[in-house]
Amino acid sequence: MTKRRTGYVYDLISAQHTQAGHPECAERLAAILDELETSGLLADLRRIDSRAATMEELLRAHTPEHVAHVQALSESGGGMADEDTYLTPASYQAACVAAGSLIDLTLAVIDGTVDN
């Protein structure tokens, strides 16, 4: 039986989108990567390069007003976008990298580079 290959993306920019006490924080990502490495599972994963989504790609899922709002709030120092969504000065860039990376990770599944 052929071993299935799982892809993943990680970029250091994601650690800069962090707020103490919030479940979506840099410590959570570090703990996940640490556990994957400690358990030996990380060696079974295939890392896909990260990249920022283009504006054209962002606008396929969001309105121009939403993208501009997130960018402006992030670049002005951050704050709360809604009751649960915080932004840091790095959050806009982290979101762009997350979106572009997800696109490429999905394409890697489609073209067979990884199975999932």
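Identify which of the listed values of percent of Cα pairs over 23 Å apart was calculated from the structure shown: (i) 32; (ii) 38; (iii) 26. It is the value labelled (ii). On the principal axes of its alpha carbon atoms, the stretch 44-83 extends 38, 22, 19 Å, with the longest extent given first. Sparsely packed loop sites in the stretch 64-94 (the GluC sites (Glu not before Pro) outside DSSP H, G, I, E and B with at most 14 other Cβ atoms within 10 Å) comprise Glu83. Across the stretch 38-55, computed HN-Hα scalar couplings (Karplus, 6.51 cos²θ - 1.76 cosθ + 1.60, θ = phi - 60°) run 4, 6, x, 5, 4, 5, 8, 9, 10, 7, 9, 4, 8, 6, 7, 5, 7, 4 Hz from first to last residue, x flagging Gly and Pro. Relative to the compact-globule scaling 2.2 N^0.38 Å, provide the ratio for the alpha-carbon radius of gyration of the stretch 1-45. Here the answer is 1.39, to two decimals. Spread over its residues, the convex hull of the C-alpha atoms of the stretch 69-116 is 78 Å³ per residue. Probing with 1.4 Å while keeping every protein chain in the model, the per residue accessible area of the stretch 1-98 equals 68 Å². Selection among Leu107, Pro23, Ala68 by position relative to the dipole of the chain gives Leu107 as farthest towards the positive end (Cβ unit charges, Cα centre).
The values are calculated or read from the model by the stated rules, or taken from the named source; none is laboratory data. Since the structure is predicted, the reported quantities are computational estimates derived from the model, not experimental observations. With ideal geometry, Cβ positions are generated from the backbone for all residues, glycine too; neighbour counts draw on all protein chains shown. For accessibility, only protein heavy atoms count, side chains too; no ligands or nucleic acids. Shrake-Rupley method; radii C 1.70, N 1.55, O 1.52, S 1.80 Å.
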